[in-house]
Amino acid sequence: MALTAELVPSGSGRPRSRAPLVFAGGALLLLGLGAASLLAGAAELAPAQVLRILLWHVRGVDVPESEHVADVIVWSLRLPRTLLGAMVGAALALSGALLQGLFRNPLASPSIIGASEGAAFGAVLALSFGLAERSVVVVPTLAILGAFGALLAVVRVATRDGHAPVATLLLAGVALSALLSALNTWLIARAWEEHEAARRIAYWLMGGIADRGWVHVGMLLPGLVAGLLVAQVHAKDLDRLLEGEETAAALGVEVERAKAWLLGAAALLVGSAVAVSGVVGFVGLIVPHLVRLVLGAGHRLLLPASALTGAWLVLASDLFARTAVAPRELHLGVVTSFLGAPFFLYLLRRHRAETVL
Amino acid sequence: MTTLSLHGAGIARGDRGRSRWLVRGVDLELRSGADAGELVALVGPNGAGKTTLLRLMAGVWAPSEGAMRLDGADLHTLPRRRLARRIAYVPQSSTPALDFTVSELVAMGRYAHQGWLGAPAPRDHERVRAALERCDAAHLAGRSAAHLSGGELQRVLIARCLATEAEILVLDEPTANLDVAHVLEIMELLAELAGAGRGVVLALHDLALARRFADRVALLAGGRLVAAGPAGDVLSAERVEQVFGVRVVGDLRDATAPLRFEAVSREDRPPC
């Protein structure tokens, strides 16, 4: 931040003037990566063919018999996967931006403070007891509740006067994640006799968006839309909360109400994302930092820009996961962790100076 | 003209059954308005309840007993947003969030005037600019708030109070951690604002500053208001010795006379 501040001598132009770049650039990247994601894969399909198939569906025209295989590949496999990559990225990045603001802590993010594990616990519960087959809403609902429960636990343990010190928050997250992942392991072990079910849960838990379909897009969409709306309505509250609850109240924030909405939005986003993709780590940590470097800390721009940046970053990561070791695939969660974990260590080192352990 | 008044206000904090009165039975008034603006200095030893009383006056905490009124209306029935447009508050040693620029920080003073999703209007930019100019901080507008000196930061936070258009300013030790020159600068700014019609109440540790700049001084000890009125009346040598345990060397009534304090041993203090 020092650098950007010095580069701009005066005036409040800094964040606003760069916003078009971030949003337009992000939108272009998203479109380009989306197109690449529709074209990449073992079956080689020409761009014109893919476009033709998409247009048939948009116009509601029946796909000719000769194109059925290509149609399944594009419309039922690649398109939902592409959409899911972008949506999971947006949900996780946005929840990270919300949590960093809420806890006033630069290292807060869903996978680090235990929210993702909480969501995973809810989802594993649904999967391992066969509740998932009853209705598509069961897994996301339990995942959202799990994320919310984990967030409440962290709030109770780690915050004092609304602020969660770096060390306390990390330790609470570590303990909570350990507990929840032990519970997940136990649930999977219980299901082991039905080998296929246990294998499926364990595979899902690793974090990825392979073999997903339209039903998963439907599972994630409501949570993402609601989360985006609630976050944007409370963006200015987050700005003011960064200076502490007293200052926020004096500047006109209904503190308790705003916090409840923001925690709820974060849980909704994390739970929905985890329900479809398992635990994809570090997206919520990295993206808000990158965006803040360019746009500054104002949440009115930071929140939507984080969602957009998360969308294209995860789409790019998934594209890499699909193509890097083709014909095999890497797990998306593995790719994001390779990007994110070193970044996390770097942040930890940078913030060590101001952290009292 | 606006009047903020406390009637027998008190606040207790702590767990059920073990709560403790931090401040109790305070009657105090603060006025603002074209010819009614005033600067009230809250003085008292550490732990006397100055910060607590300021939180009450800022509307951040609700009183456990007594009443707080803003022009006759109960302070705590007013919605937060409306209250934020009428009373501005700077807590002690506020550390602003690091990544904001000065103008973004001051612009937060406008949030209570804007809609939820609304972008700042030209009028908001105008108010922010005017507030920064009034506090002699216009040249800081594009700087990162993380790299301000203590004096600059305090001026910026006061500018934010002005951007809210609040008539009442509540500041908790705005001169803490500042060097002599900046202390005078901040006090002169606040006195000018009071002269221009704002009602300013602030906690101060320096009795000489209170004597020099305050229209009225409120002396707190042990959560009780001991006295309130013109500095010359409130800060009598005897009372200062009682409350602070120091002997005054110099003339407290003459705002320009040199002032010095000497420690008094516990046994020699007059009984409270």
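Side notes on the structure shown:
- Beta bridges per DSSP, both residues in chain B: antiparallel share near 60 percent.
- For chain B, the longest principal axis of the C-alpha atoms and the axis of helix B:122-134 are separated by about 40°.
- Its relative contact order, with pairs defined as Cα atoms under 8 Å and 6+ residues apart, puts the stretch B:2-138 at 22 percent.
- Modelled FRET efficiency - R0 45 Å, A:Ala167 with A:Glu194, Cβ distances, 0.05 increments: 0.60
- Percent of alpha-carbon pairs separated by more than 35 Å within chain B: 18
- Along the stretch B:230-244 the Karplus relation, 6.51 cos²θ - 1.76 cosθ + 1.60 evaluated at θ = phi - 60°, assigns HN-Hα couplings of x, 3, x, 7, 6, 8, 6, 4, 5, 5, 4, 5, 4, 7, 9 Hz to successive residues, with x for each Gly and Pro.
- The string of couplings for the stretch A:197-202 from the Karplus curve (6.51, -1.76, 1.60, θ = phi - 60°) is 4, 4, 4, 5, 5, 4 Hz, one whole number per residue in order, with x for Gly and Pro.
- Sequence-distant contacts, meaning Cα pairs under 8 Å at least 6 residues apart, place the relative contact order of the stretch A:208-294 at 42 percent.
- Taking one quarter of the surface of the convex hull spanned by the alpha-carbon atoms of the stretch A:26-136 gives a direction-averaged projected area of 10.5 nm².
- Between A:Val233 and A:Leu77, the FRET efficiency estimated from the beta carbon spacing at R0 = 25 angstrom works out to 0.10.
- Springs join every pair of Cα atoms under 10 Å in this Gaussian network model of chain B, and among B:Ala112, B:Ala203, B:Ala191 the largest mean-square fluctuation is at B:Ala112.
- Counting every pair of alpha carbons in the stretch B:1-89, the share spaced more than 22 Å apart comes to 27 percent.
- Phi angles of the stretch B:82-89 translate, via the Karplus equation with coefficients 6.51, -1.76, 1.60 and θ = phi - 60°, into HN-Hα couplings of 5, 4, 5, 7, 10, 10, 10, 9 Hz per residue; Gly and Pro are given as x.
- Exposure proxy order (Cβ contacts within 10 Å, fewest to most) of B:Glu185, A:Glu196, A:Glu67: A:Glu196, A:Glu67, B:Glu185
- Once the Cβ-Cβ distance of A:Arg134 and A:Ala182 is raised to the sixth power relative to R0 = 35 Å, the FRET efficiency obtained is 0.85.
- Reciprocal of mean inverse Cα separation for the stretch A:256-345 (Kirkwood radius, Å): 14.4
- Projecting label points 7 angstrom from Cα along Cα→Cβ for A:Arg59 and B:Arg18 puts them 7.6 nm apart.
- B:Val226 long-range amide H proximity, modeled H, under 5 Å: B:Leu219, B:Leu220, B:Ala221
- Rounded Å value of the spacing that divides the Cα centres of the stretch B:185-236 and the stretch B:130-154: 25
- Cα gyration tensor, the stretch A:77-123 - rounded (a/c under 1.5), prolate or oblate: oblate
- Alpha-carbon centroids, the stretch A:107-149 and the stretch A:286-303: separation in whole Å: 27
- With neighbours defined as other Cβ atoms within 10 Å of a residue's Cβ, the residues B:Leu171, B:Leu75, A:Leu152 order from fewest to most as A:Leu152, B:Leu75, B:Leu171.
- Taking only Cα atoms of the protein assembly as shown, radius of gyration then Dmax in Å: 29.3, 106
- B:Gly25 long-range amide H proximity, modeled H, under 5 Å: B:Ala9, B:Gly10
- Stokes-Einstein diffusion of the stretch B:143-272 at 10 °C, 1.306 mPa s viscosity, Kirkwood radius from Cα pairs, rounded to a whole number: 98 µm²/s.
- Cα-based shape type of the stretch B:50-191, given that a ≥ b ≥ c are square roots of the gyration tensor eigenvalues and the cut on a/c is 1.5: oblate
- Among beta bridges that DSSP assigns inside the protein assembly as shown, antiparallel share in %, nearest 5: 60
- Over chain A, relative contact order from alpha-carbon pairs under 8 Å, at least 6 apart, %: 29
- Whether the stretch A:193-306 is rounded, prolate or oblate, judged on the alpha carbon gyration tensor where a/c under 1.5 counts as rounded: prolate
No value in this document is a laboratory result; all are computed from the given coordinates. Only a predicted model underlies this, so the values are computations on that prediction, with no experimental measurement involved. Cβ coordinates were reconstructed from backbone atoms using ideal geometry, including for glycine residues, and neighbour counts include every protein chain displayed.
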